[in-house]
Amino acid sequence: MVKDYLYLIIGTFLFSLSITLYAMPNNLAEGGIVGLSLLLYFAYNISPALVTFVLNAVLLLIGFKLLPRHMVYKSVINVPLLSFFIFLTERLGQPIEDPLLAAIFAGVITGIGFGFIFRAGSSTGGTSIIARMLNHRFGWELTGTNFVLDAVIVVCGVFVIGPIYTMYTIVALYVGKKVTDYVLEGFDAKKAVNIISPEAQLISEKVTKQMSSSATIFNGYGGYSKKEREVIYVVVRSYRLFYLKKLVHEIDPNAFIVVHNVKDVSGGTFFATQHDHPLDSTTMPDFEEERPEFGK
């Protein structure tokens, strides 16, 4: 519980810094209520701290009446905290000569802040509350509704900050989304690999012994060939994909390999095998010469 509150404070502070240090002095907007407050700041010089607090407070009051209470409680602390941090830091920002650089910095700081906020189980309020109300009342899809609401505000920026800075805003939002994913899911990306080969048993054995990875074999049926084939399913860390492909092609050069990005892996034997059988020169002697940095 204490850790969640710490994450919430750190994340909200970082998000406020991205607004005051990079968005406000460089004519960059945002999505949601924060984006609307920035557009009002650029158009009428109204403090974003005041606008975010008032609009989010109104939405929270409506949310208390229309939404289950537990959906709203998590935003009660974060909303005034965000406005308070914006108020403290809104005069600290300085313009950056390159707007693209400012957009990248804004995206990175926003992404890290959102990552901490989401890890704490909270949100930044705003359009996410509206999306939840529409989902609760009418069954509208949550993610799509939230995206449309944010997109409308971003597009409105064309009339306030112009098309060029609106495009820079979109760059910042994209960077922020990617950074948030890294904070939530980690930088250690994984790959899921499907391998179809007549030598499935031998490949599975080699993967288990030489790569110290678990391999699952299940039966498949070719829609064109009308033949049954064994399919191997393996999850490996991204940097080990090179080794896996090399091992498979040494056994069967014609093996059919499909690689998928994996967002999250939990349970099973994946982490146990990685920990118990580290990738070293004794487990993978065949690949030592080409990529020695992974053989330590």
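The values are calculated or read from the model by the stated rules, or taken from the named source; none is laboratory data. Quick caveat: nothing in here was measured; it's all calculated off a predicted structure. In this analysis, Cβ positions are derived from the backbone assuming ideal geometry, glycine residues included, and neighbour counts consider all displayed protein chains. All accessible areas refer to the heavy atoms of the entire protein, side chains included, with ligands and DNA or RNA removed. Shrake-Rupley method; radii C 1.70, N 1.55, O 1.52, S 1.80 Å.
Residues of region 10-27 that are hydrophobic (A, V, I, L, M, F, W, C) and over 21 Å from residue 100 (Cβ atoms): 10, 13. Take the conditions (1) over 23 Å from residue 78 (Cβ atoms); (2) open to solvent by 60 Å² or more (accessible area, probe 1.4 Å); (3) in a helix (DSSP H, G or I); residue 147 misses just one of them, which is (1).
Residue-wise test of (1) under 30 Å from residue 8 (Cα atoms); (2) touching a strand residue (DSSP E or B) at 6+ places or on another chain (Cβ under 6 Å); (3) among the hydroxyl-bearing types (Ser, Thr, Tyr).
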site: 195; (1), (2), (3): no, yes, no
site: 212; (1), (2), (3): no, no, yes
site: 217; (1), (2), (3): no, yes, no
site: 232; (1), (2), (3): no, yes, no
site: 235; (1), (2), (3): no, yes, no
site: 241; (1), (2), (3): no, yes, no
site: 245; (1), (2), (3): no, no, no
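Being within 9 Å of residue 93 (Cα to Cα) and open to solvent by 10 Å² or more (accessible area, probe 1.4 Å) is the filter here; which residues of region 9-25 pass it? Within region 9-25, 17, 21, 22, 24, 25 meet the criteria. Is there a residue being open to solvent by 50 Å² or more (accessible area, probe 1.4 Å), at pLDDT 60 or above and polar (S, T, N, Q) anywhere in region 238-252? No; the residues of region 238-252 include none that is open to solvent by 50 Å² or more (accessible area, probe 1.4 Å), at pLDDT 60 or above and polar (S, T, N, Q).
Pairs meeting the criteria (first residue in region 11-24 and among the β-branched types (Val, Ile, Thr), second residue surrounded by fewer than 24 Cβ atoms within 10 Å (Cβ to Cβ), beta carbons under 7 Å, at least 6 apart or on different chains) are 12/78; 12/81; 12/85; 20/89; 20/90; 20/92; 20/93. If you scan region 72-131, which residues turn out to be in a loop (DSSP other than H, G, I, E, B) and not small (Gly, Ala, Ser)? Residues satisfying the conditions are 90, 91, 92, 94, 95, 96, 97, 98, 124. When each of 60, 40 is tested for being free of Cβ contacts under 8 Å to residues at least 24 places away in the same chain, in a helix (DSSP H, G or I) and of a type in the set (A, V, I, L, M, F, W, C), the lone residue that passes is 40. Taking region 99-120 as the range and being at pLDDT below 85 and open to solvent by 30 Å² or more (accessible area, probe 1.4 Å) as the test, the residues that pass are 118, 119. For region 8-45, taking the residues that are aromatic (Phe, Trp, Tyr) and farther than 16 Å from residue 80 by Cα, the one that is farthest from the chain's Cα centre (by Cα) is identified as 44. If I ask for residues that are open to solvent by 80 Å² or more (accessible area, probe 1.4 Å) and modelled with pLDDT under 80, which ones from region 186-199 would you list? Selection gives 187 alone. Looking across region 203-258 at every residue that is assigned to a strand (DSSP E or B) and touching a Gly at 6+ places or on another chain (Cβ under 9 Å), the one that is farthest from residue 191 (Cα to Cα) is identified as 228. Of all residue pairs spaced 6 or more apart or on separate chains, those with beta-carbon atoms under 7 Å, a first member in region 74-98 that is open to solvent by 10 Å² or more (accessible area, probe 1.4 Å) and a second member that is at pLDDT below 90 and in a helix (DSSP H, G or I) are 76/60; 77/8.
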